[in-house]
Amino acid sequence: MLVSFRINIAILGLLLFYSPIKAQQLTISGFVKDASSKEALIGAVIYETTQHKGTTANEYGYYSLTLNVKDTLQLIVSYLGYKPEAKKIIITTNIRLDIFLQSSATLSEVEISSTKNNNNVKKAQMGVIDVPMREIKNLPVLAGERDILKVIQLLPGVQQAQEGTTGFFVRGGNTDQNLVQLDEAVVYNPNHLFGIFSTFNVNALNNVQLIKGGFPAKYGGRLSSILDITMKDGNKGKYEVEGGIGLLSSNITIQGPIQKNKSSFIISARRSYLDVLVKPFLPKNNLGTTYKFYDLNAKLNFEIGKNDKIFISAFTGNDYGAYTGANSLNYNIGFGNSTATLRWNHLFGSKMFCNTSAIFNQYHLGLGSTQGSYYALLYTAVNDVNGKSDFTYIPNSKNIVKFGGSYFYHTLFPASYSASIPRKGNRVVINKDSIPKKYSNEMAVYGSHEWDANEVLSVNYGVRLPYYFTSNSSYFLFEPRITTKFSIEKTASIKASYTVMHQFLHLVPNSTASLPTDIWIPSSNIVKPQRSEQYALGYFKNFNQNLIETSVELYYKTMQNQVLFKEGTQLTLVSNIEDALTFGKGNSYGMEFFVKKNSGKLTGWISYTLSKTTQTFKSLNRGNAFPFTYDRRHNIAVVAVYDFNKHWTLSADFVFHTGNAFTLPSGLIPISQDNGSLYDGYYYDYTSKNNARLRSYHRLDINASYKRLHQYKKWKYESELSFGAYNIYSRLNPYFVYLTVDQSTKLPQAIQVSLLPIIPSISYNFKF
């Protein structure tokens, strides 16, 4: 068995680095950038028209295209929202060619329409969706806050968490199974205000990509999805100031050159003023709620030579909330993320690109609450130090080889405690420095090969080899990845993929509320790494010169070693959290439909997901399978943006999904009056888990924005006034249900609680 495994690895290694040798070829390579800001244009298409060969720019704007030697080469470079650039080149050797594209803001609709690439049909990749920043900035918002995670919830295969929150579940996975990265740094809790808003300020972002299947070999550590977010580098040509004023917060972004066309900076900040607005209305004894949050993004980039670039980026965001009530209920909570990334891009000639990164990220959550005669405390934190190197080798237009490695050093602080308030003595206090820390190491190497065999067949295959170890456990695992594409015509293809993923850190739900009160724990000799296997099959078809994308994807996913707390668990500071856990498995399968229009006056998409997800735990539900809480049979989203003219834009989205699963008792038993105050005189009998569903959820959001360019002498600035409504017809969607007994009829009742009715919004944005 071991010999066979080694032989397979050796063969795979040979395949990864094999590339046909062809004589009389040359390579054109460089970067594709915005002509004004010099910002990298991620995913720009470079195509040679006479040889019908092309490539796309990577996440740093770098490309490399190897062509047969010819008297004249004709390149077309295009990017959605930019004027295509045509270049006629006569060369006899490898050259470096940086390409600068002009924004198409002033172009006609016909010119814009020619810039959409066809990667969704031609490339051997599945489950990958690039989210245009235009949609993020134009779609309806809650309380005037533009939010990328709200847009992610509108994509096929993605389930929204609770009403109004930014939590999301992908293809049956839990929230901790989504890897969220900002400039390669992990963001463990990407939320503000209990999840109502995300921590990402859209004015600071360049690109957003969601991967939910057919995962590239470079990614690992999560089971369900990768949300890869890239910050802007900063304008290298001129200084810009951009900002916005909303109902709950304001933001400002400043960017510009340090040395023109060589280096630049960007600083973006946002702060809420809920605490300021509420304070005058609070009573003198300070009963009530206070809440505030802020986030700060900063980035520097330097071109230190023709082949070298340095990027330094940082992010921090924090929330603090407190409530003091007259009914003896009070709480205080503080949580936040901080990241720092140092990256070095280096070109080894014209065919090899390398990115090396040193990354630090930190997440913490502290919660204290009191209700009646009980109090509870929770603290959880994750500190990571991470180093990685990624290489891309492009020997010719038919082969792309990627390989690299990474290392994580994790430090976790898990602690939770609940008890009755002591009549004498002091309450227990959680001191971060006294919490038993859990240390772990996670490293991985990977390699992949994307091979375009011919116009019909393409294959992207690879392997990731993670190795995880602590003081008392270790795991060396094997993660094969393969995606194949079979073209049935120029604008249509069939794709299939198989992926194995593992996850070594686990977020264990500590309550049924949609609050950030869950605990991160590492894998150990008791807590095994989570594992998923995903199979997918899809049909992809483009229409009208790639302006309209359509796809149908089928998937089946199994998940092993899922983690939950045992029923009735009550932790103390001396508890071994691992002893309070139960382990199980999950299965998810479904069908996803996606139709998207990319340009013109009307843009947007329609997504529909038909799916089913179940979980099985030996110690829960008598060992029988039960629906995942966010298992929803039907999930529909319709998104539309319409440009009336250069000033007015109208946008709307409609969402419908099946109600969440929840647990109803099968009966109730009267108990003695002595204990009646605790259970309202009845004891509920639960026989199965998640045996009922809430009402279906649906809502319609609308937004209108008025944009105008102002000029005073030589000074120009842009303004935008946006106003709209969330849940325009004020649908009372279910947030949760609680049980009681009607005292007059003595019959049980399930009472629905709704959270968000119609919420109007208005915001003002500016840029100069």
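Details
- Some residue of segment 381-389 being surrounded by fewer than 20 Cβ atoms within 10 Å (Cβ to Cβ), among the aliphatic types (A, V, I, L, M) and modelled with pLDDT of 90 or more: yes
- Only one of Phe583, Phe628 that is crowded, with 21+ Cβ neighbours inside 10 Å and not polar (S, T, N, Q): Phe628
- The one condition in (1) part of a loop (DSSP other than H, G, I, E, B); (2) of a type outside the set (Ser, Thr, Tyr); (3) within 30 Å of Lys137 (Cβ to Cβ); (4) modelled with pLDDT of 90 or more that Pro757 fails to fulfil: (4)
- Scope segment 267-322; condition surrounded by 20 or more Cβ atoms within 10 Å (Cβ to Cβ), at pLDDT below 90 and among the hydrophobic types (A, V, I, L, M, F, W, C); matching residues: Phe293
The rows are residues; the columns are (1) over 30 Å from Glu240 (Cα atoms); (2) in contact with a Gly (Cβ under 7 Å, 6 or more places away or on another chain); (3) at pLDDT below 90.
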site	(1), (2), (3)
Pro734	yes, yes, yes
Ser744	yes, no, yes
Ile751	yes, no, yes
Ser761	no, yes, yes
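- If you go through segment 726-768 and keep only what is farther than 12 Å from Arg695 by Cα, surrounded by 13 or more Cβ atoms within 10 Å (Cβ to Cβ), of a type in the set (A, V, I, L, M, F, W, C) and free of Cβ contacts under 8 Å to residues at least 60 places away in the same chain, you end up with Ile728, Ile758.
- Scope segment 7-55; condition at pLDDT 85 or above and among the aliphatic types (A, V, I, L, M); matching residues: Leu26, Ile28, Val32, Ala35, Ala40, Leu41, Ile42, Ala44, Val45, Ile46
- Test result for Asn332, buried (at least 18 other Cβ atoms within 10 Å of the Cβ), outside the structural domain of Tyr60 (by TED's automatic domain parsing) and either among the β-branched types (Val, Ile, Thr) or at pLDDT below 95 (or both): no
- Contact annotation: residue pairs with Cβ atoms under 9 Å, 6 or more positions apart or on different chains, pairing a residue in segment 73-98 that is over 23 Å from Gly349 (Cα atoms) with a partner that is part of a loop (DSSP other than H, G, I, E, B) and among the basic types (Lys, Arg), are Ser78/Lys116; Leu80/Lys116.
- Screening segment 495-532 for residues that are within 23 Å of Tyr188 (Cα to Cα) and charged (D, E, K, R) and picking the one that is modelled with the lowest pLDDT gives Asp518.
- In segment 539-562, the residue that is nearest to the chain's Cα centre (by Cα) out of those that are within 21 Å of Ser599 (Cα to Cα) and of a type in the set (Phe, Trp, Tyr) is Phe540.
- Those residues of segment 238-265 which are among the aliphatic types (A, V, I, L, M) and touching a helix residue (DSSP H, G or I) at 6+ places or on another chain (Cβ under 8 Å), in sequence order: Leu248
- Counting only strands (runs of 3 or more DSSP E) wholly contained in segment 79-149, the ones carrying 1 or more residues that are under 22 Å from Glu553 (Cβ atoms) and modelled with pLDDT of 75 or more occupy 128-130.
- Every listed requirement among (1) surrounded by fewer than 22 Cβ atoms within 10 Å (Cβ to Cβ); (2) touching a Leu at 6+ places or on another chain (Cβ under 6 Å); (3) assigned to a loop (DSSP other than H, G, I, E, B) is met by Gln162 save one, (2).
- Failed condition for Val638, given (1) modelled with pLDDT of 90 or more; (2) on the phi < 0 side of the Ramachandran plot; (3) buried (at least 18 other Cβ atoms within 10 Å of the Cβ): (3)
- Selected residue (only one of Thr663, Thr687, Thr616, Thr603 is modelled with pLDDT of 85 or more and either buried (at least 19 other Cβ atoms within 10 Å of the Cβ) or more than 27 Å from the chain's Cα centre (by Cα) (or both)): Thr603
- Candidates Gly244, Gly234 - the one that is at negative phi and within 24 Å of the chain's Cα centre (by Cα): Gly244
The values are calculated or read from the model by the stated rules, or taken from the named source; none is laboratory data. Being a predicted model, the structure only gives us computed values, none of them experimental. Cβ sites come from the backbone with ideal geometry, for glycine too, and all protein chains shown count toward neighbours.
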